[in-house]
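The values are calculated or read from the model by the stated rules, or taken from the named source; none is laboratory data. If you're wondering where the values come from, they're calculated on a predicted model, not measured in any experiment. Here the Cβ positions follow ideal geometry from the backbone for every residue, glycine too, while neighbour counts run over all protein chains shown. When the accessible area is computed, the model is the full protein with side chains, heavy atoms only, and any ligands, DNA or RNA have been set aside. Shrake-Rupley method; radii C 1.70, N 1.55, O 1.52, S 1.80 Å.
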Protein chains: 2
Amino acid sequence: MAQREHHKQDRTEVLRVSSKSKPNAVAGAVAGVIREKGRVEIQIIGAGALNQAIKAIAIARGFLAPSGIDIVCIPSFCDVVIDGQERTAIRLVVEARS
Amino acid sequence: MAQREHHKQDRTEVLRVSSKSKPNAVAGAVAGVIREKGRVEIQIIGAGALNQAIKAIAIARGFLAPSGIDIVCIPSFCDVVIDGQERTAIRLVVEARS
């Protein structure tokens, strides 16, 4: 699964996805937050984790499509501090398209 | 760089990105096609290639933002045939958000 927490500034829910996260489980979490709040942020470090996250978004699209919800994703870079070391992570903002 | 061709059905330009593609070069290609046509499709097989493609989209957002163009990406699965073998690829449709 994915770790869940909230963004300090705007209370967007943040999911942290690792290379061991199961795409189907993350997709369920993404779909749930989108239904509730219309927006979720996924943070990823590394190619393996990004792969799981993008698969999860593709699966979540299928979960949400029957309800007429169409999601898009907006990738950007962000810096995170892990064990005192600054690393570059990828942030994927997932939003329902109006 | 990325291989360029056209989608058979709707003439959307298709970029094939590999794990050896340079994100900056792919970002330039993405930004160019978006400016011209408002839409481009990226096809990827494997986590390394996906990593380069998502970085390229994040970089392309920065190239296009000063022109007021905001791009989003829509991931889905697709089957491709390589050397007679069917494989599952990731398709990222990149669109300018209206």
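Things worth noting here:
- Summed side-chain charge close to B:ILE45 - residues other than B:ILE45 whose Cβ falls under 10 Å, Lys, Arg +1, Asp, Glu -1: +2
- Long pairs among A:LYS55/B:LYS22; A:LYS55/B:LYS55; A:LYS22/B:LYS37; A:LYS20/B:LYS37, criterion Cα-Cα beyond 26 Å: A:LYS22/B:LYS37; A:LYS20/B:LYS37
- Taking amide hydrogens as placed 1.01 Å from N in the peptide plane, the amide H of A:ALA89 sits under 5 Å from those of A:CYS78, A:ASP79, A:VAL80, each at least 5 positions away in sequence or on another chain.
- Chain A: Cα Rg divided by the 2.2 N^0.38 Å rule of thumb: 1.02
- The calculated 222 nm mean residue ellipticity attributable to helices in the protein assembly as shown amounts to -11000 deg cm²/dmol, summing -39500 (n - 2.57) over DSSP H runs of n ≥ 4 and dividing by all residues.
- Note that region A:45-59 has calculated 3J(HN,Hα) couplings of 10, x, 5, x, 5, 4, 4, 5, 5, 5, 4, 4, 5, 4, 5 Hz, one per residue in order, obtained from phi through the Karplus relation 6.51 cos²θ - 1.76 cosθ + 1.60 (θ = phi - 60°); glycine and proline are x.
- The protein assembly as shown - Rg over Rh from alpha carbon coordinates, Kirkwood radius: 0.95
- In region A:26-75, comparing the full protein assembly with the chain on its own, the residues that lose 30 Å² or more of accessible surface at a 1.4 Å probe are A:ALA47, A:LEU50, A:ASN51, A:ILE54, A:LYS55, A:ALA58, A:ARG61, A:VAL72, A:CYS73, A:ILE74, A:PRO75.
- Counting only other chain Cβ atoms within 10 Å of each residue's Cβ, the peptide A:88-98 averages 2.
- For the set B:ASP83, A:ASP79, the ranking by accessible area, highest first and with no ligand, DNA or RNA atoms included, is B:ASP83, A:ASP79 under a 1.4 Å probe.
- Backbone geometry of region A:61-76 corresponds, through the Karplus equation with coefficients 6.51, -1.76 and 1.60 at θ = phi - 60°, to 3J(HN,Hα) couplings of 4, x, 5, 8, 4, x, 8, x, 9, 10, 9, 10, 10, 10, x, 8 Hz, x marking Gly and Pro.
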